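What follows is one structure encoded as structure tokens, with my remarks underneath.
The values are calculated or read from the model by the stated rules, or taken from the named source; none is laboratory data. Not measured: the values here are computed from a predicted model. Every residue, glycine as well, gets a Cβ built from its backbone with ideal geometry; the counts of neighbours run over all protein chains shown.
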Amino acid sequence: MKNEALFRYLLRLGDDSLILGQRLAEWCGHGPILEEDIAMTNISLDLIGQAMSLLDYAGVIEGKDRNCDKLGLLRYEKEYVNVLLVEQPNGDFGDTIMRQFLFDAFRKPLYERLVNSSDKQLAAIADKSLKETRYHLKHSSEWVIRLGDGTEESHERVQNSLDTLWRYADELFYTDEVEAKLTVEGILPDLSGIKAEWESTVKYVFSEATLEIPVNNWKFEGGRKGRHSEHFGHLLSELQYMQRAYPNMEW
Amino acid sequence: MKVLETTDLEQKFQDKIDREVKIEPNDWMPDAYRKTLIRQMSQHAHSEIVGMLPEANWITRAPNLRRKAVLLAKVQDEAGHGLYLYSATETLGADREATIDDLHSGKAKYSSIFNYPALSWADIGAIGWLVDGAAIMNQVALCRCSYGPYARAMVKICKEESFHQRQGYESLTKLAQGTPEQKELAQDALNRFWWPSLMMFGPNDDESPNSAQSMKWKIKRLSNDDLRQNFIDATVPQAELIGLKVPDENLKWNEETGHYDFTPINWDEFWQVVNGNGPCNKQRVDARRKAKEEGMWVREAALAFAEKRKKKQTA
């Protein structure tokens with residue numbers, strides 16, 4: 001393999017996009033308002049597109065003739081390395097929006113740095129994805145504020161969403177020898193400021209939304225190491241259904 | 001000032017239509033014309049929205065990521081058409097939410113084809129090819145409809161539908177030229193969707209009581225049977241080209257008429273499905289009703305928030 005750390009890093013990015021895109025696609029036809037049905041499938045489409053670019057490139061780096069479909073649709077559960085946050089069920093619209101917001105607030109500063117990667121392909125993917133992610137963050141922030149500062153019911157619901165999902169947020173900042181190695185090689189720019197930027201975004205939005213950051217700071221993690229939640233196997237059984245039922249065919 | 005009698009107004013209205021001048025929202029129009037359009041346009045909008053459901057059912061299981069992205073984009077287009085058509089209906093004074101409630105109460109209909117289930121991935125190709133194909137036949141004619149907003153909406157919508165039809169055919173072609181399992185999926189999809197697609201054009205002309213008035217008003221330009229025949233003539237060669245068999249033993253080219261002959265349609269099935277006995281009628285309307293009910297708190301929150309911000313600004 002040309003660069004195992006880069007391969008593993010690309011899988012992390014690609015799997016996050018793929019799994020969140022898959023989750024958002026479940027909303028299609030069932031959104032609370034037609035405009036939001038369109039918005040959620042639009043974001044899903046962006047994320048699936050990002051996953052295709054990232055996983056195709058991961059396959060190139062790996063050099064084993066695996067493209068985005070082989071990597072995206074034919075790995076075993078523990079080989080996926082997305083964070084637990086993105087695989088959490090859609091729940092109600094508030095849960096979906098909160099999950100999206102916590103993720104977008106992380107993805108935007110991340111892509112803003114990755115556009116400066118010395119790896120031209122990764123930088124190009126980040127550049128394209130950043131444009132999309134800015135819109136995603138704008139959309140999810142506005143809805144968090146609208147729901148938080150809307151009615152009593154919406155406030156209570158979205159506060160519950162935050163209480164449930166908050167414990168998954170920290171895994172977004174998980175790093176290990178993969179990031180360390182890529183930083184030394186100069187492929188990854190300095191990513192250290194991302195968490196502070198994320199914190200400042202979420203604090204601002206939650207204060208506008210009149211939402212309280214939970215005191216429960218217990219952190220769930222495991223996705224980056226291939227240890228997922230119970231929901232994940234069901235998600236994969238849909239995602240992989242056709243590839244498993246009709247192996248080795250062109251579609 | 002001369003007060004125009006209703007008959008004068010009606011005469012002027014019909015003159016305009018005869019001269020191919022578009023009727024616009026603020027123009028005088030007979031009540032029956034307005035009502036006919038509201039009914040037809042809102043049902044068209046409902047069809048776009050309900051039509052998302054059978055296809056959305058396969059997005060999470062699409063066989064590869066390219067097909068998933070294409071299907072997402074396609075279903076999103078349908079949602080956009082729905083929005084566009086609801087807005088066009090509002091130019092006639094109808095309220096969007098009220099027309100949606102009519103769908104949920106069963107008062108308003110939508111295209112019956114969506115009461116059939118999408119059972120395999122091949123159905124997604126068949127729906128694009130046949131259902132969007134049949135819809136285009138209808139909608140191309142509607143681009144010349146006498147009501148301006150509807151006609152203009154159709155121009156945009158037809159461009160996208162034509163793309164959908166081609167992607168459906170391309171997707172099914174891939175299966176028809178694939179492994180034996182894939183061919184079987186493709187043939188099975190055609191077997192199930194062929195007759196319901198022909199029913200999409202509505203009853204035979206002599207059984208379609210509102211058609212004559214709609215033709216006179218130029219809401220409708222071609223008869224149900226003519227559109228159906230055009231569709232069959234265009235589609236049969238496409239099936240043959242990719243080696244699929246149209247499930248009609250009596251289908252054959254008629255040199256004399258220059259059209260295909262075909263078996264009469266089973267109208268009993270058609271009316272059963274229209275009247276609620278299709279395989280998915282209940283499930284489709286339930287899904288739409290559930291989306292609206294479960295989304296109520298979101299809409300209320302958005303309204304309350306907008307109200308709060310307005311107050312803040314004026315304070």
Notebook entry, point to check: Regarding residue A:165, is this residue away from every other protein chain (no Cβ under 14 Å), at pLDDT 95 or above and more than 19 Å from residue A:87 (Cα to Cα)?
Noted result: no
Note to self: Just checking, does the range A:105-113 include any residue being part of a helix (DSSP H, G or I), of a type in the set (Gly, Ala, Ser), under 29 Å from residue B:291 (Cα atoms) and away from chain B (no Cβ under 14 Å)?
What the structure shows: yes
Next item on the list: Return a yes/no flag: does the range B:158-167 have any residue that is away from chain A (no Cβ under 14 Å), of a type in the set (Asp, Glu), in a helix (DSSP H, G or I) and buried (at least 21 other Cβ atoms within 10 Å of the Cβ).
Entry: yes
Next item on the list: State the number of residues belonging to the range A:188-221 that are surrounded by 14 or more Cβ atoms within 10 Å (Cβ to Cβ), among the acidic types (Asp, Glu) and more than 21 Å from residue A:13 (Cα to Cα).
Entry: 1
Next item on the list: Assess whether residue B:136 counts as being of a type in the set (Val, Ile, Thr) and either more than 17 Å from the chain's Cα centre (by Cα) or under 24 Å from residue B:248 (Cα atoms) (or both).
Entry: yes
Check: Which of the residues belonging to the range A:164-180 are more than 15 Å from the chain's Cα centre (by Cα) and in a helix (DSSP H, G or I)?
Finding: A:164, A:167, A:177, A:178, A:179, A:180
Check: How many residues does the range A:85-96 hold that are buried (at least 24 other Cβ atoms within 10 Å of the Cβ) and either in contact with a Ser or Thr (Cβ under 6 Å, 6 or more places away or on another chain) or within 14 Å of chain B (Cβ to nearest Cβ) (or both)?
Finding: 4
Next item on the list: Among the helices (runs of 4 or more DSSP H) lying completely within the range B:22-115, list those that include at least 1 residues that are within 18 Å of the chain's Cα centre (by Cα), farther than 30 Å from residue A:69 by Cα and of a type in the set (Ser, Thr, Tyr).
Entry: B:31-50, B:65-90, B:96-105
Item checked: Members of the range A:53-71 that are without any contact (Cβ under 8 Å) to a residue 60 or more places away in the chain and within 14 Å of chain B (Cβ to nearest Cβ) -> A:55, A:56, A:58, A:59, A:66, A:67, A:68, A:70
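Looking at the range B:63-78, which of its residues are in contact (Cβ under 8 Å) with a residue 12 or more places away in the chain and facing chain A (nearest Cβ under 7 Å)?
Applying the first criterion (in contact (Cβ under 8 Å) with a residue 12 or more places away in the chain) to the range B:63-78 yields B:63, B:67, B:70-72, B:74-75, B:77-78.
Selection gives B:63, B:67, B:72, B:75.
Inside the range A:36-52, can you point out the residues that are at the interface with chain B (Cβ under 7 Å from one of its Cβ atoms) and touching a Leu at 6+ places or on another chain (Cβ under 8 Å)?
Keep residues of the range A:36-52 that are at the interface with chain B (Cβ under 7 Å from one of its Cβ atoms), which gives A:37-38, A:41-42, A:44-45, A:48-49, A:51-52.
Within the range A:36-52, A:38, A:41, A:44, A:45, A:48, A:51, A:52 meet the criteria.
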Next item on the list: Among the residues of the range B:165-205, write down those that are within 9 Å of residue B:122 (Cβ to Cβ) and without any contact (Cβ under 8 Å) to a residue 60 or more places away in the chain.
Entry: B:175, B:184, B:187
Note to self: Consider the range B:79-126. How many of its residues are more than 14 Å from every other protein chain (Cβ to nearest Cβ), closer than 12 Å to residue B:285 by Cβ and among the aliphatic types (A, V, I, L, M)?
What the structure shows: 1
Notebook entry, point to check: Assuming residue B:219 fulfils every condition listed in (1) assigned to a helix (DSSP H, G or I); (2) on the phi < 0 side of the Ramachandran plot apart from one, which condition is it?
Noted result: (1)
Checklist line | Test: residue A:187 is within 27 Å of residue B:298 (Cβ to Cβ) and in contact with a helix residue (DSSP H, G or I) (Cβ under 8 Å, 6 or more places away or on another chain) | finding: no
Next item on the list: Filter the range A:200-221 for residues that are small (Gly, Ala, Ser) and either within 14 Å of chain B (Cβ to nearest Cβ) or in contact (Cβ under 8 Å) with a residue 12 or more places away in the chain (or both) and give the result.
Entry: A:209
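So that you can scan it fast, the table gives a plain yes or no per residue for (1) more than 14 Å from chain B (Cβ to nearest Cβ); (2) among the aromatic types (Phe, Trp, Tyr); (3) buried (at least 16 other Cβ atoms within 10 Å of the Cβ); (4) touching a Leu at 6+ places or on another chain (Cβ under 6 Å):
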residue	(1), (2), (3), (4)
A:148	no, no, yes, yes
A:186	yes, no, no, no
A:223	yes, no, yes, yes
A:242	no, no, yes, no
A:248	no, no, no, no
Note to self: All but one of (1) under 30 Å from residue B:34 (Cβ atoms); (2) in contact with a helix residue (DSSP H, G or I) (Cβ under 7 Å, 6 or more places away or on another chain); (3) of a type outside the set (A, V, I, L, M, F, W, C) hold for residue B:97; state the number of the condition that does not hold.
What the structure shows: (2)
Margin query: All but one of (1) farther than 16 Å from residue B:234 by Cα; (2) in contact with a Leu (Cβ under 7 Å, 6 or more places away or on another chain); (3) not small (Gly, Ala, Ser) hold for residue B:101; state the number of the condition that does not hold.
Written below: (2)
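Considering only the range B:252-305, how many residues are closer than 16 Å to residue B:106 by Cβ and either at the interface with chain A (Cβ under 10 Å from one of its Cβ atoms) or more than 27 Å from the chain's Cα centre (by Cα) (or both)? Walk me through how you get there before you give the answer.
Here is the first cut: in the range B:252-305, the ones closer than 16 Å to residue B:106 by Cβ are B:271-278, B:280-290, B:292-293.
Going one step further and asking which of them are either at the interface with chain A (Cβ under 10 Å from one of its Cβ atoms) or more than 27 Å from the chain's Cα centre (by Cα) (or both), we end up with B:284, B:287-288, B:290, B:292-293.
Number of matching residues: 6.
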Notebook entry, point to check: Which one is farthest from residue A:62 (Cα to Cα) among residues in the range A:12-30 that are touching a Phe, Trp or Tyr at 6+ places or on another chain (Cβ under 8 Å) and among the aliphatic types (A, V, I, L, M)?
Noted result: A:20
Margin query: Would you confirm whether or not the range A:18-30 contains a residue that is surrounded by fewer than 22 Cβ atoms within 10 Å (Cβ to Cβ), touching a residue at least 40 places away in the same chain (Cβ under 8 Å) and facing another protein chain (nearest Cβ under 7 Å)?
Written below: yes
